Amino acid sequence: MSIFKKLSSWVPAVLFAFGIFYMSSRSNPPGAGLFEFIPNSDKLVHMTEYFILSSLIYFALRKAHNIKTNKAVLAAVLIASLYGMTDEYHQSFVPERSMDILDWAADIVGAIIGASSRYKVRIEK
């Protein structure tokens, strides 16, 4: 596989990670209060974001680097979880935002479910 194709496999994951960073850089991101009537709805948002991110990372690892499925799941979860940790730390510098360990826990859960679901879909094909 050419270097261009390998790099292009990472574009969706990198763009999505930039999107997460952009939204977490805002003091009051659009849609932040959309589901405030649901207790802890922000945790569902975190889980969803990292479900998608880990799925995209898994795809890039499998396609660009031909990493075995179980190792790709583990690597995708680790990469997404570490990104979530750095994003939570980054939020501690944003006005009206704060670092929250429970948000990071939701990131990890979403990453595990996302990468694992890609694995399950691959096994069932």
Which listed residue is buried (at least 19 other Cβ atoms within 10 Å of the Cβ), over 22 Å from Lys5 (Cβ atoms) and either in contact (Cβ under 8 Å) with a residue 60 or more places away in the chain or touching a helix residue (DSSP H, G or I) at 6+ places or on another chain (Cβ under 8 Å) (or both), from Ser55, Ser81, Ser98: Ser81
Please work out if Thr69 is surrounded by 12 or more Cβ atoms within 10 Å (Cβ to Cβ), at pLDDT 95 or above and polar (S, T, N, Q). no
What is the one condition in (1) at pLDDT below 95; (2) surrounded by fewer than 18 Cβ atoms within 10 Å (Cβ to Cβ) that Phe21 does not satisfy? (1)
Is it the case, given these coordinates, that Ala105 is assigned to a helix (DSSP H, G or I) and crowded, with 17+ Cβ neighbours inside 10 Å? no
Just for segment 24-53: of the residues that are small (Gly, Ala, Ser) and modelled with pLDDT of 90 or more, which one is farthest from Val109 (Cα to Cα)? Ser25
Among the small types (Gly, Ala, Ser) and at pLDDT below 95: does that describe Ala75? no
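The values are calculated or read from the model by the stated rules, or taken from the named source; none is laboratory data. As the structure is a computational prediction, the values presented were derived from the model and not from experiment. As a convention, Cβ positions derive from the backbone with ideal geometry for all residues, glycine included, and neighbour counts pool all protein chains shown.
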